[in-house]
Structures are given as C-alpha cells and as structure tokens.
1. I'd like to verify a number: residues in the range 61-102 that are over 30 Å from residue 145 (Cβ atoms) and touching a residue at least 24 places away in the same chain (Cβ under 8 Å), how many?
2. Would you be able to say whether some residue in the range 203-213 is open to solvent by 60 Å² or more (accessible area, probe 1.4 Å), part of a helix (DSSP H, G or I) and either touching a residue at least 60 places away in the same chain (Cβ under 8 Å) or out of contact with any Asp or Glu (no Cβ under 9 Å at 6 or more places or on another chain) (or both)?
3. With 10, 28 as the choices, which residue is surrounded by fewer than 18 Cβ atoms within 10 Å (Cβ to Cβ), at pLDDT below 95 and either in contact with an Asp or Glu (Cβ under 8 Å, 6 or more places away or on another chain) or in a strand (DSSP E or B) (or both)?
4. List the pairs whose first member sits in the range 296-320 and is among the hydroxyl-bearing types (Ser, Thr, Tyr), whose second member is open to solvent by less than 40 Å² (accessible area, probe 1.4 Å), and whose Cβ atoms are under 8 Å apart, counting only residues at least 6 apart or on separate chains?
5. Answer with yes or no whether residue 144 is modelled with pLDDT of 95 or more, surrounded by 16 or more Cβ atoms within 10 Å (Cβ to Cβ) and within 16 Å of the chain's Cα centre (by Cα).
6. What number of residues in the range 275-295 are in contact with a helix residue (DSSP H, G or I) (Cβ under 6 Å, 6 or more places away or on another chain) and assigned to a helix (DSSP H, G or I)?
7. Return yes or no: is residue 255 modelled with pLDDT of 95 or more, surrounded by fewer than 17 Cβ atoms within 10 Å (Cβ to Cβ) and aliphatic (A, V, I, L, M)?
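The values are calculated or read from the model by the stated rules, or taken from the named source; none is laboratory data. Because the structure is a prediction, the values reported are computed rather than measured. Methodologically, a virtual Cβ is constructed for each residue, glycine included, from the backbone with ideal geometry; neighbour enumeration extends over all protein chains shown. When the accessible area is computed, the model is the full protein with side chains, heavy atoms only, and any ligands, DNA or RNA have been set aside. Shrake-Rupley method; radii C 1.70, N 1.55, O 1.52, S 1.80 Å.
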Amino acid sequence: MTAAQPSSGTFEREPVALDERITSDGSTRWPVEPGRYRLVVARACPWANRAVIVRRLLGLEPVLSMGIAGPLHDERSWRFHLDPGNRDPVLGIEYLGEAYRAADPDFDAGVTVPAMVDIATGKLATNGFQQLTLDFSTQWRAYQRAGAPDLYPEPLRAEIDELCAGIYTDVNNGVYRCGFAATQQAYEEAYATLHARLDALSDRLAGRRYLVGDTITEADVRFWVTLVRFDAVYHGHFKCNRSKLTELPVLWAYARDLFQTPGFGDTIDFTQIKQHYYGVHRGINPTGIVPLGPDPRGWLTAHGRAELGGRPFGDGTPPGPPPEGERVPPIG
C-alpha cells in the first residue's frame with residue numbers, strides 16, 4: 001500500500017508503477033503462457049485477494065503458480081517470511097522488491113501485491129491490480145478449467161465497470177481514506193462517502209442475490225474483499241465504525257453467502273489479515289498489539305440468500321478444493 005498526503009489531509013493512493021498487461025494476442029511484450037509467471041500475493045491484502053479468488057474460480061492453478069508473502073513487511077517491501085529460509089521457493093527471493101528492481105534497477109516507488117513475476121528472468125511483469133483479474137477472465141480463457149464461470153460477461157461489462165468504479169472509490173479505497181486521513185474533515189468526508197455507498201449497495205442487494213445479473217461477477221469479488229475484512233480491521237483500526245458488518249442485515253447475509261461459496265472463504269486467513277493491518281500500520285496502532293476478536297465462526301452461520309434465486313456459477317461449476325500448499329486454516 002502506497003499513499004500520498006496532500007495538504008488537505010485526504011489519503012490518495014499512488015498509481016501502480018509497472019502496470020503492463022499480459023495478453024493473449026501479442027499486443028504487449030508479455031504473452032499469456034502457461035507456467036511462465038508466478039502470481040505473488042499476500043493473504044492480508046484485499047487487492048491481492050481479488051486475484052486469488054479469480055484464479056481459484058477460473059481454475060488457473062495448473063498454469064499459474066502462486067507465491068504467498070507473509071503478513072509483515074518493512075521498508076524493504078513484502079517478505080516471504082513464512083517460507084523456508086525466508087525465500088520464495090520458486091523465485092528464490094526474500095523480498096518482492098527484488099523482482100521490481102530486476103525489472104527496473106532504479107525502481108523506488110511502492111512495492112505492491114498482487115504482482116506477476118516472469119519466473120525465468122525474475123523480473124516483475126505487472127502489478128496492475130485493477131486490470132489483472134479482468135485479464136484472467138478474458139486473456140487467459142484458453143487455460144481456464146472446464147466449467148469456469150464467466151465473471152465478466154460481455155453483455156454486462158458496462159454495468160459491471162460502472163459499479164466497480166464506485167465500489168473502488170468509495171468502499172475499497174474508501175476505508176483507507178478513513179483510516180489514513182490526516183485531518184478531521186478529510187476523515188469525516190471519507191466516512192460519510194463510505195457509508196452512503198454501503199447503504200446504496202445494501203439497497204441494491206436487498207432483492208437480488210448478486211450485484212449484476214443472477215451470477216457471481218467481478219463486481220462481487222471486488223466488493224466482497226472489503227466486506228470480509230470490515231469487522232476484523234476496518235471498523236476499529238480504520239475508524240469506519242458507524243456499524244459493524246454484522247449489524248447490517250443485508251450486507252452481512254450477502255457476505256456470508258459468498259464466504260460459504262467455494263473460492264471465497266477458502267482464501268481467507270483472518271489471523272494474517274489482522275497481523276498485517278495492526279502490526280504494520282504503526283502510525284495508527286503504535287503498540288502493534290493484534291486484537292484477538294472478532295470470533296470468525298459467525299461466517300459459517302446460515303444466510304438465507306439462496307431464497308433470492310440466482311446461480312452462483314451460471315452455467316459453470318464450483319472450483320475444486322485449493323491445492324494442498326495453498327489451503328488456509330479452517331474456522332472452528
């Protein structure tokens with residue numbers, strides 16, 4: 001996460017620095033190629049979580065390996081401190097920043113996840129998180145599993161794009177604008193914008209199971225990664241505390257519905273999420289103390305959303321279980 005603090009005190013996210021695309025038509029220097037790239041993520045990061053979910057739903061695991069940085073990092077960037085020898089077993093690096101500098105020796109901007117690294121050269125290909133999951137759906141189609149859902153159906157793309165733009169500005173980034181605001185006014189404005197958008201999305205979801213159409217789409221993935229972190233970190237740590245998610249009946253049921261859908265909840269490690277936010281953001285939490293709560297078992301309770309109809313995977317099928325090395329600890 002990188003940020004700038006203008007004089008207004010408003011948090012502004014810096015643009016990613018190496019956002020080239022990996023494409024199937026030869027239009028970029030990075031072609032879609034099975035086994036060529038390693039997707040580097042962190043369980044804590046919502047932007048990376050989007051890529052993990054879409055990779056799971058589309059069944060890209062056999063052609064796109066995944067490296068998992070640990071929840072803690074310092075000024076040297078995300079570190080593979082959960083791997084043997086503190087190094088990614090495929091890339092052989094300790095810090096993700098090494099792949100950025102392999103691509104650009106003078107690189108001095110923010111090192112972010114998700115990141116796609118060219119395995120043979122060790123160079124970062126792209127950290128363009130906004131486009132990456134869309135390209136998984138459109139550029140990697142030849143390598144998707146049989147029964148992969150269409151998360152970005154062409155007839156609905158304009159609606160999905162419009163909805164995602166508002167979700168990004170007001171919710172995904174909105175919680176950060178609350179948490180990292182440097183003035184009371186900037187915080188209150190971000191707070192009001194966030195909750196107004198949550199209210200509008202709750203109204204939208206009151207009579208429909210998913211945000212666009214009757215199946216899971218990219219819009220649901222992008223919204224959900226913020227909801228699943230809301231009570232654990234954003235409500236308290238980022239001062240987004242008008243209401244807990246568990247106090248918002250529609251959004252809480254919607255979030256539980258997706259959590260219990262294969263490909264969503266099985267990507268979540270609440271311990272790592274809390275370790276990152278409370279342990280790294282010392283400007284907000286100087287002691288680094290990580291809270292024990294909330295109790296995650298509520299995510300497994302009945303949600304009743306199936307009564308609204310809808311087909312989670314459309315004409316497709318659920319993904320199989322995660323690969324052995326990518327499984328998260330179960331709730332219980």
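1. 5
2. Checked against the condition, which is being open to solvent by 60 Å² or more (accessible area, probe 1.4 Å), part of a helix (DSSP H, G or I) and either touching a residue at least 60 places away in the same chain (Cβ under 8 Å) or out of contact with any Asp or Glu (no Cβ under 9 Å at 6 or more places or on another chain) (or both), the range 203-213 yields at least one hit.
3. It is 28.
4. 301/256; 317/147
5. Here the answer is no, as residue 144 does not meet what is asked.
6. 1
7. On the way: modelled with pLDDT of 95 or more: yes; surrounded by fewer than 17 Cβ atoms within 10 Å (Cβ to Cβ): no; aliphatic (A, V, I, L, M): yes.
Considered against the rule, which asks whether it is modelled with pLDDT of 95 or more, surrounded by fewer than 17 Cβ atoms within 10 Å (Cβ to Cβ) and aliphatic (A, V, I, L, M), residue 255 comes out as no.
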